[in-house]
Amino acid sequence: MNNRRQILIRNGLSITNNRLRILAKLKGANRPLSVGQIVGLFPEGELDRVTAYRTLRMFLDRGIVHRIEGDNGTWHYEMCKCPDIEHVLHPHFVCSECKKVMCLESTRVAFPYKEIRECNLSVEDVQVKFTGICGPCREKGPRVC
Ligand SMILES: [Zn+2]
Ligand SMILES: [Zn+2]
Ligand SMILES: [Zn+2]
């Protein structure tokens, strides 16, 4: 039994070809991917956006993936590689030219446990986002209108 099947079973999801293939694409990527980018990794017409979106939502609800806000609020998804008990989050860099989302994994985002406890907060989303121009886009120089 491979690892992707174990992830689905452990989270109470039935094994479908689409779920296995979407997991494979997420695992194969070294950065968060948008729904459009994931659909684009499949041969034309093999995965529609609605199925991709629903599957990712299901993965998100079960903590299989993390959701990252890219340029213009476009959601991007990455595999959760956190240890079993708690999610350990890192910031991301979003390029405003090419819209690429990069993981900044050398830094951890600390949880404000004190306030979470004292104010009885339930944290559903965390976004620490650096925006700017990525290396390859900078090398291309300023855009000529
Ligand atoms: Zn996680
Ligand atoms: Zn860029
Ligand atoms: Zn990341």
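Coordinate-derived values only; no laboratory data. Treat the numbers as computed from the prediction; the structure is a model and nothing was measured. All Cβ positions, glycine included, derive from the backbone under ideal geometry; neighbour counts span all protein chains shown.
Determine, for each peptide in 93-102, 106-115, the mean count of other beta carbons within 10 angstrom over its residues, then list the peptides with the highest first.
Working: 93-102: 17.0, 106-115: 10.3.
Ranked from most to least packed, the peptides come out as 93-102, 106-115.
Each Cα pair under 8 Å and six or more residues apart adds its sequence gap; the mean of these over the residue count of the chain is a relative contact order of 18 percent.
If you average the C-alpha positions of segment 50-90 and of segment 17-31 separately, how far apart do those two centres end up, in angstrom? Centre-to-centre distance over Cα atoms comes out at 12 Å.
Put the Cα centre of segment 95-109 next to the Cα centre of segment 116-140 and the gap is 8 Å.
For the chain, adding -39500 (n - 2.57) for each run of n ≥ 4 DSSP H residues and dividing by the number of residues yields -9500 deg cm²/dmol at 222 nm.
With each label modelled as a point 7 angstrom along the Cα→C-beta vector, the residue 20-residue 97 pair spans 4.1 nm. How would you classify segment 1-86 from its alpha-carbon gyration tensor, with a ≥ b ≥ c the square roots of the eigenvalues: rounded for a/c under 1.5, else prolate if a/b is greater than b/c, otherwise oblate? Oblate, because a/c is 1.5 or more while a/b does not exceed b/c. For the chain, taking the reciprocal of the average inverse distance between every pair of different Cα atoms yields a Kirkwood hydrodynamic radius of 16.9 Å. Less than 12 Å from a label point 7 Å out along the Cα-to-Cβ axis of residue 125: which backbone N atoms in segment 47-82 qualify, by residue? Output list for this probe position: 67-70, 73-76.
The number of Lys pairs in the chain with C-alpha atoms less than 27 Å apart, excluding pairs fewer than 8 positions apart on the same chain, is 18. Extending 7 Å from Cα along the Cβ direction at residue 105 and again at residue 31 yields two label points whose distance is 1.4 nm. If a/c stays under 1.5 just call it rounded; otherwise compare a/b with b/c (prolate if a/b is bigger, oblate if not). Do that for segment 58-142, with a ≥ b ≥ c from the square roots of the Cα gyration tensor eigenvalues. Cα axes put segment 58-142 in the prolate bin.
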